[in-house]
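Undergrad: My structure is below; once you've seen it, I'll send some questions.
Nothing in this text is a laboratory measurement; each read-out follows from the coordinates by a stated rule. Everything numeric in this text was worked out from a predicted model, so none of it was measured. We place every Cβ from the backbone using ideal geometry, glycine too, and count neighbours over all the protein chains shown.
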Amino acid sequence: MVGSLVKLYTDRFIMTPGPTEIPYRVKLALMKESTNPDLDPDFLRVYNETREKLKHVLNVREGSIYVMTGEAMLGLEAAIANTVKDGTRVLVIANGVFGEGFADLIKAYGGEPLIVENCEECWRRSADPSVIDRELEKHRDIEVVTLVHCDTPSGILNNLVEVGKVVRDHGSLLIVDAVSSIGGVPVDFDKAEVDILIGGSQKALNTPPGLTIMAISERAWDRIEKINYRGFYLDLKTWRDMLDNRGIFPYTMCDVLIYALNESIKMIMEEGLENVHRRHLLAMKASWRALEALNLNPYPSSMNYSSPTVTAFEPPKGINSEELRKIIWEKYGVMIAGSWGRLMGKVLRVGHMGVQASRTHVLSAFTALARALRDLGYSVNIGKVAEAIEEEFK
Ligand SMILES: Cc1ncc(COP(=O)(O)O)c(C=O)c1O
């Protein structure tokens, strides 16, 4: 009985690429007493403090930052709704499920997506800035470009600064989905000259789902004014006019989620941004070495293209990925993820985001994977897997 309780309640590791594990300090922040967030000056103070900390984490000096109640799709849709109208030509860098997905949002607002970097091989590598340069040169009427920093379903990381430079040279507006990179990978809003950057709470920030982070440049505000989105809930001008100019929230915030996010960013700043990023890199390298020890193929064609927040790989031929995942969770207590879209059933993923980017977590995930593979008749050397991970973290 005791054994089964231990297994159920303490020996469980959530190693998915979001939602992620909630650390103890963040859990405590979630338990803070709720007041009326519209009326409580202390809540407004913590909200603004969280915005300032995010400015530091994302290196936003000139732009605005908002944290909205609603998961990251809210921010993605708001970014498109406020910058795209009927006939707007948008370059969609589509080397992944979310990259490709931007096209649907753009069409929903009357825009015309031009999809690039959507080939079989493109999905296994970072987007090529020279292709983006060529397309922007060829199509001078492109006003907006969309990019996903870390395309979570394939574990690919795009080079924000390089793509940002090309887009700026052509004078287009750059919208970036950084949902699964913030807090695990350097995100430099100013250096990359991003115009709208969107984040979420449930990835490397180890906070429950339910918050969207948005950073908006001065250039983006000019376009937002010009487009003058006529909808209501997604109108970003409302946030600027009410919150920045009058200190009033447009809608009722979920205060405890803000307390939780604030605590999570405090933890990141205490550890130091560089240390946090280094720890994620170690987790990625250890994961790749574990895959090598298991004779499994990573999905990205090189570690240079891989995101330090998630490792995507192909299950061995003849092994059903869902059956494998089920054993890893039910028998060994580690939750890893499958994938989405055209990668469903073909790719498995281990998230190492935030507190999950640790030696213990990576060891637990890959030794559980190794044991489950052995259960299914695949030949593995579990000691070699553990050794490879330990070597990387030593
Ligand atoms: C890169 C990326 N963008 C957007 C989202 C959507 O986030 P949410 O589910 O919070 O709306 C996800 C979620 O997995 C993601 O990985």
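Undergrad: How big is the Cα convex hull of segment 272-393 in projection, averaged over all directions, in nm²? Write out the running numbers ahead of the final one.
TA: Numbers: hull surface 28.8 nm².
Result: 7.2 nm².
Undergrad: Membrane-span-like helices in the chain: DSSP H runs reaching 20 Å or more (Cα, own axis), mean Kyte hydropathy at least 0.0? Walk me through the intermediate numbers first.
TA: On the way: long enough: 41-58 (25 Å, -0.83); 255-271 (24 Å, 0.44); 273-293 (30 Å, -0.36); 359-375 (24 Å, 0.19).
For the chain, where a helix must reach 20 Å along its axis and average at least 0.0, the hits are 255-271, 359-375.
Undergrad: When a/c is below 1.5 the answer is rounded, else prolate if a/b is larger than b/c, else oblate, so apply that to the chain with a ≥ b ≥ c taken from the square roots of the Cα gyration tensor eigenvalues. Please report the intermediate quantities before stating the final value.
TA: On the way: a/c = 2.09, a/b = 1.31, b/c = 1.59.
Since a/c reaches 1.5 but b/c is at least a/b, the shape of the chain is classed as oblate.
Undergrad: Still on this model: Antiparallel DSSP bridges in segment 24-269: what percent, to the nearest 5? Each step should come with its number before you reach the end.
TA: Values: 13 of 30 bridges.
Here the antiparallel bridges make up roughly 45 percent for segment 24-269.
Undergrad: Check the straight Cα-Cα distances from LYS55 and name the lysines below 28 Å, setting aside those fewer than 8 residues away within the same chain.
TA: Answer for LYS55, where 28 Å is the Cα cut-off: LYS27, LYS32, LYS165, LYS191, LYS203, LYS226, LYS237, LYS266, listed by chain and number.
Undergrad: Here's another thing I want to ask about it. Which length gain, in nm to one decimal place, applies between LEU376 and GLU162 when the Cα-Cα distance is subtracted from 0.36 nm times their residue separation?
TA: So the extension gain works out to 72.7 nm.
Undergrad: Pop a pseudo-label 7 angstrom from the Cα along the beta-carbon direction at both GLU52 and VAL131 and give the gap in nm to one decimal.
TA: Result for the modelled spin labels: 4.3 nm.
Undergrad: Tally Lys/Arg at +1 and Asp/Glu at -1 over every other residue whose Cβ is under 12 Å from the Cβ of SER287; what's the total?
TA: Values: positive: LYS285, ARG289, ARG349, ARG359; negative: GLU292, GLU392.
Counting the neighbours of SER287, the net charge comes to +2.
Undergrad: How long is the gain from CYS119 to THR35 if the chain were fully straight, where each residue apart is worth 0.36 nm and the alpha carbon distance is subtracted? Intermediate values should be presented prior to the final figure.
TA: Values: separation 84, 0.36 × 84 = 30.24 nm, distance 5.08 nm.
Contour length minus Cα-Cα distance gives 25.2 nm.
Undergrad: Computed on alpha carbon atoms, what radius of gyration and Dmax characterise segment 132-264, expressed in Å?
TA: 16.1, 48
Undergrad: Under 13 Å from a point placed 7 Å out from the Cα of ARG240 along the Cα-to-Cβ direction: which residues of segment 58-92 have their backbone N that close?
TA: Taking a point 7 Å out along Cα→Cβ of ARG240, the residues of segment 58-92 whose backbone N falls under 13 Å are 63-66, 82-83.
Undergrad: Quick check: the distance between the Cα centres of segment 22-43 and segment 244-321, to the nearest angstrom?
TA: First find each Cα centre; the distance between them is then 24 Å.
Undergrad: Please list, by residue number, everything in segment 102-124 whose backbone N is under 17 Å from a paramagnetic label point 7 Å out along Cα→Cβ of HIS139.
TA: 102-119
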